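Reading through the structure tokens given below for one structure.
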Amino acid sequence: MNLHIAAQINSFLAALVLLTAFGMLVQKRVYGLIHLFAWQGFFLSLNTAIVGFVADRHHLYISSVLTLSLKVFLLPYILHVLIHRLKIRKEVETIVNIPTTMMIGIALVIFSYHLTAPVRELSNLVTRSTIAVALATVMLGLLMMITRKHAVTQIIGFLALENGLFFAATSATYGMPLVVELGVALDVLIAAFIFGIFFFHINRTFDSLDVEQMARLKEGD
Amino acid sequence: MNIAPIELAGAAVILLLGSAVLAMFLSRFQHLLVAVSFSLASVASLVALVAGAWTVSSNIANQAVMAIGLPDLPFHLRLDPLAGFFLTIVGGLSFFVSIYSLGYVKGIIAQRPVTRLVVFYALFLAGMFMVILADDALFFLVAWEVMAAASYFLVLFEDEHLENRRAAFLYMVVAHVGAIAILLSFGVMAGLVTGFEGFHGYTFDAMRQAEYTPAWATAAFLLSFFGFAAKAGVIPLHVWLPEAHPVAPSNVSALMSGVMLKTAIYGIVRVTFDLIHVFPWWWGALVLMLGLISAVLGVLFALMQNDLKRLLAYSSVENIGIVLIGIGLAMIFTSFQLPLLAALALTAGLYHALNHAMFKGLLFMGAGGVLHAAHERNMEKMGGLIHMLPWTSGLFLVGCVSISGLPPFNGFVSEWLTFQAFLLSPSLPSPLMKLLIPMGAALLALTAALSAACFVKAFGVTFLGQWRGQHAPQIHEVNWPMKLGMIMAAVCCLFLGILPTLVIDWMDSVPEHLVGSKISTTAGAFGWMWLTPVARERASYSGPMVFFVILAVIVIAYLILHVKKGSIKRVPLWDCGFEKVTQRMQYTSTSFAMPLRRIFGFFFSIRERVKLDPQAAHRAFPGKMHYALRIRDRFWGWIYKPLVDASFLMSRLVGKLQQGRIQTYLIYSFVTIIFLLMVTR
């Protein structure tokens, strides 16, 4: 596989990752969100494997497998179980309406391209054009956390943000050292568990998973 | 075997720290705990006293470096005559108070466990000794904080009252603001030593040898003076003092007022005369001005108080003011190259510091005795205690006479020396100061007179007359350790008053080190009988002679009145033709202070209300009257309240950031990230 094709595939996958990120931003149903998240993980792991192949970095295969198992199967499964146990049926509410969110998201993507322009000029990696997408994914994840009220969507936003970071690592430097990646993967897993436990507590305390309810915890003047 | 004084002083500190540790193990045996801990504390204080007095008299400076401290920054100790002098003050009063505590704290055991009091008492003493011994900024601040924290817990000892917690909090806040200023001041000096490039300027030795530019030196001086003045209770930084001193147990109040304030004086003298040592005259003028303000206003505030311990606390503000007057004058004289006069003024200030420790300690111990016996702090409700507490009242009277500056006791000597320093100020080269500084002497004279009035009131209302409350309680004289502690302090007051020549001869090494001159050659030129600070033609005072004359007058008066039986008769009170004179019709503390309240009323915020009972048949024949009087310090409203309000306003504004919604917090970080990315791109 020559480098040109590899760069094409890489860009294509980056576009898919960005697409899923936007998809998550507009998706109202929780199950839909989880599926989109799983798809994003899948594209990510595919991309990692291809980058590993092109750059001849074999430890990226391990990262790829790790991403696949963790982000495509395990975490969506945990979230499924969680939603099932907590009996969440209704649609996810947003604070800002969806078209506005989309507009902000587009602005963020443009901003990321603007930000990473100097990096693209300096770098000579195959994956250099995707750094902007990675940064945009991080920002979209954060935006999703801000615009959603539901606690489960907040964790999905957080995990999407982590996906963006991972993507940035692979595209900017051909991945972090394996030890770091293993550590990050473990952190994400643990974070998911802790969030799960918190959901049960929040649900029990407030009878709802709407994080706006937590404003009641604030001390009065 | 050769022992250096500094080793003795170190041993005293170790003994105190050891007794604090020991106290924690003995907390189950409260009586044993009190006996052991306070005995150890008095031994340690005596050792420190010996070390200090020895250093001063032999005019030596010992140094030591300890193996502990931060890595590469060990603690330094030094015991020079100045440190020795203050070590003598602290050790002396701590010795008396520790003996007093043996009896006093025993009386508290019945009400509450005293382990906390004992532990922090030992730490407090250790902290004060360490402050004086410290010879580097690091150790000094560590010791300073130990002292502040321990005294905070002592103020908080009776923590069930809201008032006490409030006082302790206020004390903590002021102490820390002051400590920050001191830290910054040392930072400036240490930084200038090394050009802000290393840490090795933190020893006082390095600071001593450095040359400072005038601007930086002024910054360092102002910061440290602010910090130490906050601790010393100089007006307008005094607000914590009348709150915190009265609520602490009386033995602790005695130490706080008597010696803890002196550590601040020590700090001022150490930084200005020793570390910076070259300064413009206006520094001294600033110290002098603040000293005068503190002295006059302090005694006026004291006069208005009805709470015995609060009165004593305000009087401490006054006396700190007098000490600062001496130090300020010494600074002015030093900057005009008049070492002999500077030595006189400095001796006066330091002598007053020593005297104040003795008589204020004595008075607080006496107030503790009254509190212990009568369970009452409000003077308006007491009276006639002289019959029930003959020892305490006699010793309290000694304290009152001393603090009022009357011969033959010690207050007179130091105030007289301060006056001499004032009256020599015409030798200054500046004509403006020749005119202005003697005006300060007039204010000092006013202070002395007002403080006499204040203590006439304190003694008269508390001990004379008859009990003002409903039922006179069963009051017993205080126990022997308490008496002993007070007697020793009283004897010290007398000794310092009648033999000032010996004392000045002893302490002369201090001004010799700091301002390069001494006064004992002239002061003791006519033997131990006569104190002649400058020259015999100018002024002289003979303590022993005055003492014997006064003693003779007292003896003769006693003989005339008591030799013949029946020359004193007790008869019913003449009631001016009215009937039924009750005990509540006596002169009270408020009524005694009334004329002065009228004259100096503009210094206070006074609210006086008289309300007649509306149910009376006619206004001319009221059935009942309600009288309410509230006197407050104007400084609180002028300086502190705006500060407190501003900080509350600020925190409310900052609090608006806290919406309690996760999304809002996320937006904060999101916006911050975007902003940083834009800026640092």
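The values are calculated or read from the model by the stated rules, or taken from the named source; none is laboratory data. As the structure is a computational prediction, the values presented were derived from the model and not from experiment. Every residue, glycine among them, receives a Cβ derived from its backbone with ideal geometry; neighbour counts consider all protein chains shown.
Among the residues of this structure, B:L653 does not count as one that is at pLDDT below 85, exposed (fewer than 12 other Cβ atoms within 10 Å of the Cβ) and within 30 Å of A:M144 (Cα to Cα).
For the stretch B:612-643, the candidate set comprises residues that are hydrophobic (A, V, I, L, M, F, W, C) and within 30 Å of the chain's Cα centre (by Cα); within that set, the residue that is nearest to the other protein chains (Cβ to nearest Cβ) is B:L643. In contact with a Lys or Arg (Cβ under 6 Å, 6 or more places away or on another chain) and surrounded by fewer than 22 Cβ atoms within 10 Å (Cβ to Cβ): is that true of B:Q63 in this structure? In short, yes. No other residue among B:R607, B:R661 is surrounded by 10 or more Cβ atoms within 10 Å (Cβ to Cβ) and more than 14 Å from chain A (Cβ to nearest Cβ) apart from B:R607. Looking at the structure I just gave you, is B:S257 part of a helix (DSSP H, G or I), in contact with a Leu (Cβ under 7 Å, 6 or more places away or on another chain) and crowded, with 24+ Cβ neighbours inside 10 Å? Against the criterion (part of a helix (DSSP H, G or I), in contact with a Leu (Cβ under 7 Å, 6 or more places away or on another chain) and crowded, with 24+ Cβ neighbours inside 10 Å), B:S257 qualifies. If I filter the stretch B:644-654 for residues that are touching a helix residue (DSSP H, G or I) at 6+ places or on another chain (Cβ under 6 Å), among the β-branched types (V, I, T) and within 14 Å of chain A (Cβ to nearest Cβ), do I get at least one hit? So far as the stretch B:644-654 goes, no, none of its residues is touching a helix residue (DSSP H, G or I) at 6+ places or on another chain (Cβ under 6 Å), among the β-branched types (V, I, T) and within 14 Å of chain A (Cβ to nearest Cβ). On inspection, B:E163 does not qualify as surrounded by fewer than 19 Cβ atoms within 10 Å (Cβ to Cβ), of a type outside the set (A, V, I, L, M, F, W, C) and either under 15 Å from B:S250 (Cα atoms) or in contact with a Pro (Cβ under 6 Å, 6 or more places away or on another chain) (or both).
Among helices (runs of 4 or more DSSP H) entirely within the stretch A:120-221, having at least 3 residues that are within 14 Å of chain B (Cβ to nearest Cβ), touching a helix residue (DSSP H, G or I) at 6+ places or on another chain (Cβ under 7 Å) and closer than 22 Å to A:T20 by Cα singles out A:131-147, A:151-173.
A quick yes/no check of all residues on (1) over 24 Å from A:R148 (Cα atoms); (2) touching a Pro at 6+ places or on another chain (Cβ under 6 Å); (3) free of Cβ contacts under 8 Å to residues at least 12 places away in the same chain; (4) outside any helix (DSSP H, G or I):
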{"position": "A:I9", "(1), (2), (3), (4)": "yes, no, no, no"}
{"position": "A:F12", "(1), (2), (3), (4)": "yes, no, yes, no"}
{"position": "A:L16", "(1), (2), (3), (4)": "no, no, no, no"}
{"position": "A:L19", "(1), (2), (3), (4)": "no, no, yes, no"}
{"position": "A:Y31", "(1), (2), (3), (4)": "no, no, no, no"}
{"position": "A:G41", "(1), (2), (3), (4)": "no, no, no, no"}
{"position": "A:R57", "(1), (2), (3), (4)": "yes, no, no, yes"}
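Pairs meeting the criteria (first residue in the stretch B:656-672 and free of Cβ contacts under 8 Å to residues at least 60 places away in the same chain, second residue of a type in the set (A, V, I, L, M), beta carbons under 6 Å, at least 6 apart or on different chains) are B:G660/A:A215; B:R661/A:A215; B:I662/A:V211; B:Q663/A:I146; B:L666/A:M145; B:L666/A:I146; B:I667/A:I146; B:F670/A:L142.
Among the residues that make up the stretch B:534-553, is at least one of them among the small types (G, A, S) and touching a residue at least 24 places away in the same chain (Cβ under 8 Å)? Among the residues of the stretch B:534-553, at least one is among the small types (G, A, S) and touching a residue at least 24 places away in the same chain (Cβ under 8 Å), which makes the answer yes.
Residues B:S404, B:S414, B:S427, B:S393: which one is among the small types (G, A, S) and free of Cβ contacts under 8 Å to residues at least 60 places away in the same chain?
Numbers: B:S414 fails: free of Cβ contacts under 8 Å to residues at least 60 places away in the same chain; B:S427 fails: free of Cβ contacts under 8 Å to residues at least 60 places away in the same chain; B:S393 fails: free of Cβ contacts under 8 Å to residues at least 60 places away in the same chain.
Checking each option against the conditions leaves just B:S404.
From the list A:A117, A:A107, the lone residue that is more than 19 Å from the chain's Cα centre (by Cα), part of a helix (DSSP H, G or I) and within 14 Å of chain B (Cβ to nearest Cβ) is A:A117. Is there a residue in the stretch B:566-588 that is at pLDDT 85 or above and surrounded by 12 or more Cβ atoms within 10 Å (Cβ to Cβ)? Scanning the stretch B:566-588 turns up at least one residue that is at pLDDT 85 or above and surrounded by 12 or more Cβ atoms within 10 Å (Cβ to Cβ). Listed by position, the helices (runs of 4 or more DSSP H) enclosed by the stretch B:460-534 that each have at least 3 residues that are crowded, with 16+ Cβ neighbours inside 10 Å and of a type outside the set (S, T, N, Q) are B:480-498, B:500-507, B:509-515. Looking for something at pLDDT below 90, more than 26 Å from B:F547 (Cβ to Cβ) and out of contact with any Lys or Arg (no Cβ under 7 Å at 6 or more places or on another chain) - is there at least one such residue anywhere in the stretch B:399-422? The answer is no; no qualifying residue exists.
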